[in-house]
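Here is the structure we will look at, set down as structure tokens.
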Amino acid sequence: MNPRGRYRSTRTSLFDGIEEGGIRETSYSSHEIDEQENDQAIDGLQDRVSILKRLSGDIHEEVETHNRMLDRMGNDMDTSRGFLSGTVDKFKMVFETKSRRRMGTLVASFVTLFMLVYYLTR
């Protein structure tokens, strides 16, 4: 085979789609190509929307969990407040009925006990 013939066949295969004066119409029109690109873009958007939907569902569950935890904490604080007010009322009653000397001794004992426990745990 002569080298010039091989050159022609290569050249012919390179410019197969071009005719005189322009390009031959391909099997896909530009409208079909645009439709395919739009379909791909829609698929990508659907994936993103589903990810966002799952993410927002996870956020909703987390918020609900935190709300329940805060409600429990609020209830516990109310209970503690009730106990504390009862204890304060009892201290008021003790301080009103006892003499000042006994009251001073009681307060000093509590402070000393608190300081002792503080330094032992530290």
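The values are calculated or read from the model by the stated rules, or taken from the named source; none is laboratory data. For clarity, every value in this text was computed on a predicted model and none was experimentally measured. Every residue, glycine among them, receives a Cβ derived from its backbone with ideal geometry; neighbour counts consider all protein chains shown.
Quick rundown of the values:
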{"quantity": "Qualifying residues in region 98-122 (those that are small (G, A, S) and assigned to a helix (DSSP H, G or I)) - the one modelled with the lowest pLDDT", "calculated": "G104"}
{"quantity": "Residue in region 23-41 that is modelled with the lowest pLDDT, counting only those that are β-branched (V, I, T) and either surrounded by 10 or more Cβ atoms within 10 Å (Cβ to Cβ) or in contact with a Pro (Cβ under 7 Å, 6 or more places away or on another chain) (or both)", "calculated": "T26"}
{"quantity": "Boolean, V111 is aliphatic (A, V, I, L, M) and out of contact with any Leu (no Cβ under 9 Å at 6 or more places or on another chain)", "calculated": "yes"}
